[in-house]
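Bear in mind these aren't lab numbers, they're just calculated from the coordinates by the rules spelled out. These figures come from a predicted structure and were not determined experimentally. Here Cβ is always computed from backbone atoms with ideal geometry, including for glycine, and neighbour counts include all displayed protein chains.
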Amino acid sequence: MRISVIGCGYLGAVHAAAMASLGHEVVGIDVDEDKIAALTAGRPPFFEPGLGDLLIRGREQGGLEFTSDVSRVREAEVHFVCVGTPQKPGEFAADVTYVDAAFESLVPYLTSSSVVVGKSTVPVGTAQRLAAVLADTGASVMWNPEFLREGHAVDDTLHPNRLVYGVAPGEDGQRAAAALDGVYRAILEDGTPRMVTDYATAELVKTAANSFLATKISFINAMAELCEASGADVTLLADAIGMDDRIGRKFLNAGLGFGGGCLPKDIRAFMARAGELGADQAVAFLKEIDSINMRRRVRMVDIARDALHGSFIGKRITILGAAFKPDSDDVRDSPALAVARLIATQGGVVTVTDPEAIENARRMFPELRFVADTTEALTGADAVLLLTEWGEYRNLDPDVTASLVAGKVLVDGRNVLDPVVWRDAGWTYRALGRP
Ligand code: UGA
């Protein structure tokens, strides 16, 4: 099928490349010329495992193109809107102006056989509102939320655990769903479950899923606070409660908490939208989820300062990890960088290292010192803080690391190292939620 993808960020670039790999003819549209040039050359503009291969394959096979010329959407039957919905500055609400602009930019090129599929995460009610904007074109509008995780985006797009179609009532909705079935035929043939709902349910599925994940993380981090107060070990607690398959062990990794471009802003946008709908009490608990999450960053700083006998002043602190999670170069609302900055403002001499995210991190916090090489970053450190659990840091050898640093103090912000092994090697090992 002929497809257009509007917005080539983390979501759109992967979606475009993945749809081309299924045999469709795809044109990706973005206003950022540098991004278009990179994608056209087969170079992902951000770190995402597997995306480079898909881009190159798409280019070689000829089914994948990127351009800033929006009129190219004219050739497509199905249009995916994949632009961002960031948090509005100074507000909880999501900024949907890019989504609105994308829909408006399509208007001149749509016909009654066109299908416009929103994938961006939007406040409930957006699809209905935008369907009215496109009403005169005769095009069908549907909402198909995306559940991909950064770092696993290619696999999550090609092998999702479910497909959700939010459609208009009646024939229009059936026609749109049939078109999307055509796009996702290979994925459906794999046995992927598909649910067809109304617009509002589809929009809420996405926000509810992210809110649940955030709640799970903050729940275990709240338990970590109790473990700290009582001398218990949150990792053992998580293992034990996670063995009950009604609870499940996934997303119960206590530590520095969640960041990134999705979970934090999605729970805030959900609260804002619920307020507009007069249902703010229903999700008032998300404010606490947010607060628990933010408290972990402060607690991390307190533990590190304590491990350094009460002061960061003049101390060299090496921070392992800048990205909001491993296998990503995304630093939006990165807990690791938030901690780095807090320590720097308290007089610590902070060095941050990361396998992929240094460039993005430097752009956001130019005042911090960044070193790409792990060995160089560790050399001379008075304390080491593991804040993003890249494989390289999980596999650090305590003896080799000890030969580099000035002080054998390690704070494990992600609970991924073995305390016994590190303490046996002479380290002061501290962690969140563990004795
Ligand atoms: C999240 C959701 O997991 C995706 O399903 C969703 O599609 C996406 O948001 C989105 O809305 O676009 P993502 O932001 O890529 O995906 O990252 P996650 O893997 O969910 O991790 C989020 C944060 O939670 C990270 O900072 C991670 O370190 C933290 N986390 C995760 C924990 O602190 N503990 C855990 O047990 C799991």
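Annotations for the structure displayed:
- Placing a label point 7 Å from the Cα of Ala229 along the Cα-to-Cβ direction, the residues of region 245-289 with a backbone N closer than 17 Å are 288-289.
- Gain on full stretching of the segment that runs from Arg72 to Arg2 - 0.36 nm per residue minus C-alpha separation: 24.1 nm
- Compared with the rule-of-thumb size 2.2 N^0.38 Å for a compact globular protein, region 310-427 has a Cα radius of gyration ratio of 0.97.
- A straight chain from Asn161 to Glu359 at 0.36 nm per residue would run longer than the Cα-Cα distance by 68.0 nm.
- Tensor-based shape of region 198-435 (alpha-carbon gyration tensor, a/c under 1.5 rounded, otherwise prolate or oblate): prolate
- Spin-label model, Thr345/Val420: points 7 Å from Cα along the beta carbon direction are separated by 4.1 nm.
- Charged side chains reduced to their Cβ positions (Lys and Arg at +1, Asp and Glu at -1) give region 305-435 a dipole of some 560 debye around its Cα centre.
- Label-point separation in nm, Ala178 to His309, each point 7 Å along Cα→Cβ: 7.7
- Förster-model FRET efficiency, 45 Å R0, Arg129 and Lys250, C-beta, rounded to 0.05: 0.80
- For the residue pairs Lys88/Lys250; Lys88/Lys265; Lys88/Lys119; Lys250/Lys287; Lys206/Lys287; Lys206/Lys265, the alpha carbons lie more than 21 Å apart in Lys88/Lys250; Lys250/Lys287.
- Each Cα pair under 8 Å and six or more residues apart adds its sequence gap; the mean of these over the residue count of region 2-197 is a relative contact order of 19 percent.
- Solution diffusion estimate, µm²/s, Stokes-Einstein, the chain, Kirkwood Rh from C-alpha pairs, 4 °C, viscosity 1.567 mPa s: 56
- Each residue of region 69-79 is assigned a 3J(HN,Hα), and the resulting list reads 8, 5, 5, 5, 5, 3, 6, 9, 9, 10, 10 Hz, derived from the Karplus form 6.51 cos²θ - 1.76 cosθ + 1.60 (θ = phi - 60°), x at Gly and Pro.
- Degrees, to the nearest 10: 51-61 long Cα axis against longest axis of the chain: 30
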